[in-house]
1. Given Phe43, Phe59, which one is over 12 Å from Phe136 (Cα atoms), among the aromatic types (Phe, Trp, Tyr) and modelled with pLDDT of 95 or more?
2. Would you call His119 within 16 Å of the chain's Cα centre (by Cα) and surrounded by fewer than 19 Cβ atoms within 10 Å (Cβ to Cβ)?
3. Any idea which of (1) outside any helix (DSSP H, G or I); (2) of a type outside the set (D, E, K, R); (3) surrounded by 14 or more Cβ atoms within 10 Å (Cβ to Cβ) is the one Thr92 doesn't satisfy?
4. Look through Asn68, Asn51 and report the one residue that is among the polar types (S, T, N, Q) and within 17 Å of Ala139 (Cα to Cα).
5. If Phe71 meets every condition in (1) open to solvent by 70 Å² or more (accessible area, probe 1.4 Å); (2) in contact with a Lys or Arg (Cβ under 9 Å, 6 or more places away or on another chain) apart from one, which number is that one?
6. Can you work out which of the residues in segment 43-72 that are touching a strand residue (DSSP E or B) at 6+ places or on another chain (Cβ under 7 Å) and of a type in the set (S, T, N, Q) is farthest from His132 (Cα to Cα)?
7. Scan Asp113, Asp140 and give me the residue that is of a type in the set (Asp, Glu), touching a His at 6+ places or on another chain (Cβ under 9 Å) and either part of a helix (DSSP H, G or I) or modelled with pLDDT of 95 or more (or both).
8. Within segment 1-57, how many residues turn out to be open to solvent by 60 Å² or more (accessible area, probe 1.4 Å), within 30 Å of Ser87 (Cβ to Cβ) and of a type in the set (Ser, Thr, Tyr)?
Amino acid sequence: MGKRELIRLTLVSGVVVLVDQITKKLIMVHLALYESIEVIDNFFNITHVLNPGGAFGFFATQSQLVRNLVFLVLSSCVALFVCWFYSQVAKTHVFLSWGLALIFGGAIGNLIDRFRYGHVVDFLDFYVGTAHWPAFNVADSAISIGMVILVYHVIFKKMPEM
C-alpha cells in the first residue's frame, strides 16, 4: 500500500470517526435520554437512545463484560481484516477501497463508544406510523454504505483476484 492509499484510508476513516463522535456528543449534551426532536412528521426524528448490544440490539441482554469481550474481539478481527483487505485492493480498486475505509471508520466510531460508555449512542430514528427502523448513527451509516459498495463488487464480479 502506497502513501496515496494510506492517506485515503486515514482521511475517509478519520472523517467518519470525527463526524460520528461530534454528532453523538451533541446528542448527549443537548437531548435527554429518549428525548426526541421531530424533523419530518411521521417519518424522521432525532431521538437520543442507547444501544448496549450490536446491530439491532444483538447481545443487548448479555452482561457488559460479555458484550465488551465479544465486541472487542469481533471489532478487532473485523478491523484487522478490513485493513488487510484494504491494503490488497486500494491501488487497483479505488471505489472498493472507499467502501472499506467507510466500514473501518464506522467500526472505530462505534468501538470508541463501547469503551467510553459501555454502549453506542444512536439518534437517527426513521419510522412510518408505528413501524420504526432501529435507531442508528453516523458510524452505522458509514458501515452500511461501505457494505453496499462491497456487495456491489461481489454481485457484479468486480472483486480483485487474490
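The values are calculated or read from the model by the stated rules, or taken from the named source; none is laboratory data. Note that this is a predicted model, so its numbers are computed, not measured. All Cβ positions, glycine included, derive from the backbone under ideal geometry; neighbour counts span all protein chains shown. Calculation scope for accessible area: heavy atoms of the full protein, side chains included, ligands and nucleic acids excluded. Shrake-Rupley method; radii C 1.70, N 1.55, O 1.52, S 1.80 Å.
1. Working: Phe59 fails: modelled with pLDDT of 95 or more.
When all the criteria are applied, what remains is Phe43.
2. Considered against the rule, which asks whether it is within 16 Å of the chain's Cα centre (by Cα) and surrounded by fewer than 19 Cβ atoms within 10 Å (Cβ to Cβ), His119 comes out as yes.
3. Just one mismatch for Thr92, condition (3).
4. Details: Asn68 fails: within 17 Å of Ala139 (Cα to Cα).
The conditions single out Asn51.
5. The number of the failed condition is (1).
6. Asn51
7. Details: Asp140 fails: touching a His at 6+ places or on another chain (Cβ under 9 Å).
One residue alone meets the criteria, Asp113.
8. The number of residues fulfilling the criteria is 1.
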